[in-house]
Amino acid sequence: MATKTSIPITKPVFGPEELRAVQLPLESGWVVQGPYVEQFEQLFSGYSGARFSAATSSCTTALHIAVAALGLKPGDEVTAGERFGMIKFGSRTDVLVPAGDVRAVLVKVGDKVKGGRTVLLRL
């Protein structure tokens, strides 16, 4: 019988500083928002050069904020750089594709599609 080997996708390494950073908000009662989140936002703004930063609870929440901040509306064109992908927002799915890489779009607005089954475009 063969043995099964598991390869971890990520292996976190936490030391005493990381443990203490988790303990402080728990001990203070400020788990959501509060001074530690505000400090993180300020440090991130300084690191990124952004005027403002907002910590979010998930990537999905961050994407919702980004779309709202950009004021995107149905039909707006978005350049997504070197990668492409789909982002689900409620009942709407935004498809982001690098400009110039599309040979043919195979669906039209209003078509029903199934994730992982419907071919949306030909690159």
Is one or more of the residues making up region 81-97 at pLDDT below 80 and acidic (Asp, Glu)? yes
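Any residue at all in region 38-56 that's in contact with a Leu (Cβ under 7 Å, 6 or more places away or on another chain) and closer than 30 Å to ASP101 by Cβ? Don't jump to the end; show me each part of the working.
We begin by selecting, within region 38-56, every residue in contact with a Leu (Cβ under 7 Å, 6 or more places away or on another chain); these are none.
Among the residues of region 38-56, not one is in contact with a Leu (Cβ under 7 Å, 6 or more places away or on another chain) and closer than 30 Å to ASP101 by Cβ, which makes the answer no.
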Report, by residue number, each residue of region 1-22 that is surrounded by 11 or more Cβ atoms within 10 Å (Cβ to Cβ) and over 19 Å from SER57 (Cβ atoms). GLU18
So which residues in region 25-77 are hydroxyl-bearing (Ser, Thr, Tyr), under 30 Å from VAL109 (Cβ atoms) and part of a loop (DSSP other than H, G, I, E, B), if there are any at all? THR56, SER58
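The values are calculated or read from the model by the stated rules, or taken from the named source; none is laboratory data. Keep in mind that what you see is a predicted model, and the values were worked out from it rather than measured. Positions of Cβ are generated from backbone atoms using ideal geometry, with glycine treated the same way; all protein chains shown enter the neighbour counts.
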